[in-house]
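Structure, as structure tokens:
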Amino acid sequence: MPERPTTTLRRLLQGPEILLVPGVADGINARLAAKEGFKAIYMTGAGTTAARLGMPDVGLLTMTEMADNAQRIAEASGLPLIADADTGYGGVVNVRRTVRAYERAGVAALHIEDQGWPKRCGHLSGKTVIPVEEMVAKIRAAVDARQDPDFQIIARTDAVAVEGYEAAIERARRYEEAGADILFIEALSDMEHLRAVPKLFRAPLLYNMASSGKTPFLPAAEMQELGFRLCIYPNFVVLAAIPAVRRMLRTLKEQGTPVPMLDEIASFREFFDLMGMEEVQALEAQYAVSEEARVRY
């Protein structure tokens, strides 16, 4: 029987090497990450908001929209998925519903944060945080709500930017005591703090390498030496696509043809193969679809 994605993720986090997890917002990039040999994947909230709404990450998506996107990414990639769940979308009852919805979507771990609503991208200013007791209750509700014991609850605190480093550490301690499996202290910028934090907790620490640069761009080996167990790269895949798409659009507008760009883009066949064309063809053969009706190039 295949190992559950939740169990796979727990096993990976117990391994000797830091787990590097690229962020994606859709099924195309989910498949690409799997093809390139990554062992786990992350659903970025900012990227999902951008992909679905064309808007910035300022608390606009609902829980059901996020869970729906998570399900599509999990199915497309076949990898253990860590997913952004914002604040849990309300109080303790909302958090319980969020955990159950994300579990049904095939998510292996989610993170909830202690921001007030409307929340902000963790690397933007203008954030607020809820009382620590309220967040502790949310974590306890999340832990109690999970049905798969290997499903992991990641507690994120945004307090560094609001209340300062020491307050954020105290919050993280409380969240660990409440049962969080992994701790996520957002937007650490000081190398002294980055060296200290992993030594303060029993729970694994997550490193968020956001493209803002507020948290240093460290190589994997250095993060591992510091004691971090996993690193998410939320939007680098999304950002990499923007210049490529812009070049294609400008070529079409200025030259009236895509031909000058053909050497820089995937072929028709490469695109369909990436999307699982061989699997579709194998299924049609298995179920005896007539030769003339089978999909082919």
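The values are calculated or read from the model by the stated rules, or taken from the named source; none is laboratory data. Bear in mind the structure is a predicted one, so any value in this text is a computation, not a measurement. Cβ coordinates were reconstructed from backbone atoms using ideal geometry, including for glycine residues, and neighbour counts include every protein chain displayed. Quick note on the areas: whole protein, heavy atoms, side chains included, nothing else; ligands and nucleic acids left out. Shrake-Rupley method; radii C 1.70, N 1.55, O 1.52, S 1.80 Å.
For the range 217-297, the per residue solvent-accessible surface stands at 71 Å², with DNA, RNA and ligands left out and a 1.4 Å probe. Accessible-area rank, largest first, for I112, I265: I265, I112, with all protein chains present and a 1.4 angstrom probe. Between N94 and L200, full extension at 0.36 nm per residue minus the direct alpha carbon distance yields a gain of 35.1 nm. Each Lys and Arg contributes +1 and each Asp and Glu -1, all at the Cβ; summed about the Cα centre of the chain, the dipole is approximately 280 debye.
Normalising the average separation of contacting C-alpha pairs (under 8 angstrom, six or more residues apart) by the number of residues puts the relative contact order of the range 37-166 at 25 percent. Report, to the nearest 10°, how far helix 165-177 tilts away from the longest principal axis of the Cα atoms in the chain, using its own Cα long axis and a range of 0 to 90°. So the helix axis and the longest Cα principal axis differ by about 80 degrees. Average accessible surface for the range 64-158: 36 Å² per residue, computed with a 1.4 Å probe over protein heavy atoms with every protein chain in place.
Accessible-area rank, largest first, for D144, D114: D144, D114, with all protein chains present and a 1.4 angstrom probe. For the chain, the carbon plus sulfur part of the accessible surface works out to 54%, probe radius 1.4 Å.
Here's the picture: charge each Lys and Arg Cβ at +1 and each Asp and Glu Cβ at -1 in the range 39-190, and of A85, M135, F184 the one pushed furthest to the positive end of that dipole is A85. Loop sites here are GluC sites (Glu not before Pro) outside DSSP states H, G, I, E and B with no more than 16 other Cβ atoms within 10 Å. The longest part of the chain free of them is 164-297. For chymotrypsin sites (Phe, Trp or Tyr not before Pro), no site in the range 21-111 is both called loop by DSSP and has at most 14 other Cβ atoms within 10 Å. Against the chain, whose longest principal axis comes from its Cα atoms, helix 63-77 is set at around 50 degrees. Of the residues L9, A34, L20, the one whose Cα sits farthest towards the positive end of the charge dipole of the range 1-41 is L9 (charges of +1 on Lys and Arg Cβ, -1 on Asp and Glu Cβ, taken about the Cα centre). Rounded to the nearest 20 debye, what is the charge dipole size of the range 124-276 about its Cα centre when +1 sits on each Lys and Arg Cβ and -1 on each Asp and Glu Cβ? That gives the range 124-276 a dipole magnitude of about 320 debye. Treating r as the C-beta distance of E264 and L239 and R0 as 25 Å, the FRET efficiency rounds to 0.90. Think of it as helices only: each DSSP H run of n ≥ 4 in the chain is worth -39500 (n - 2.57), and spread over all residues that comes to -13500 deg cm²/dmol at 222 nm. Converting phi to 3J(HN,Hα) with the Karplus coefficients 6.51, -1.76 and 1.60 and the offset θ = phi - 60°, the range 272-285 yields 5, 5, 4, 6, x, 4, 4, 5, 5, 5, 5, 5, 5, 5 Hz in sequence order, with x at every glycine or proline.
Say a paramagnetic label sat at a point 7 Å from the Cα of L32, along Cα to Cβ; which residues of the range 246-261 have their backbone N under 18 Å from it? In the range 246-261, the label zone of L32 (backbone N under 18 Å from the point 7 Å along Cα→Cβ) covers 246-250, 261.
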